[in-house]
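The values are calculated or read from the model by the stated rules, or taken from the named source; none is laboratory data. Remember, predicted model here, so these are calculated numbers, not experimental data. Glycine also receives a Cβ, built like all others from the backbone with ideal geometry; neighbour counts cover every protein chain displayed.
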């Protein structure tokens, strides 16, 4: 039976570090600690200007909203996550145009693709 390496919790790492400080034999072998790499996506002003959204402190407490509406962009994502279709979302928020919603979804799709390439 092969023994799989498992990631140590922060508590376990702390315990071993403390034990090693007291006794060098506390470490059977070096511990590999995986650190996650942070990926930062940068979008230029031109890309952001093409999005059908606006952000301002005077509109919906500064939440990004679909341009020309008071509908937060998060409402689209929340509704889709709750199982509504795009058509149902558009029926519930008639001030949002289909083109706007699709453009935002395409933006998220592109951002996720860029994120996966950066990883």
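Could you list, in sequence order, the residues of segment 36-54 that are in a loop (DSSP other than H, G, I, E, B) and under 19 Å from the mean Cα position of the chain (by Cα)? Result: 36, 37, 38, 39, 40, 41, 42, 43, 44, 51. Looking at segment 62-80, can you tell me whether even one residue there is touching a strand residue (DSSP E or B) at 6+ places or on another chain (Cβ under 7 Å) and loosely packed, with under 14 Cβ neighbours inside 10 Å? Checking segment 62-80: at least one residue is touching a strand residue (DSSP E or B) at 6+ places or on another chain (Cβ under 7 Å) and loosely packed, with under 14 Cβ neighbours inside 10 Å. The numbered conditions (1) at pLDDT below 95; (2) within 21 Å of the chain's Cα centre (by Cα) are all true for residue 59 except (2).
Among the residues making up segment 55-85, those that are assigned to a loop (DSSP other than H, G, I, E, B), free of Cβ contacts under 8 Å to residues at least 24 places away in the same chain and out of contact with any helix residue (DSSP H, G or I) (no Cβ under 6 Å at 6 or more places or on another chain) are 55, 56, 57, 58, 59, 63, 82, 83, 84, 85. Does residue 46 satisfy being within 24 Å of residue 114 (Cα to Cα) and without any contact (Cβ under 8 Å) to a residue 12 or more places away in the chain? Yes.
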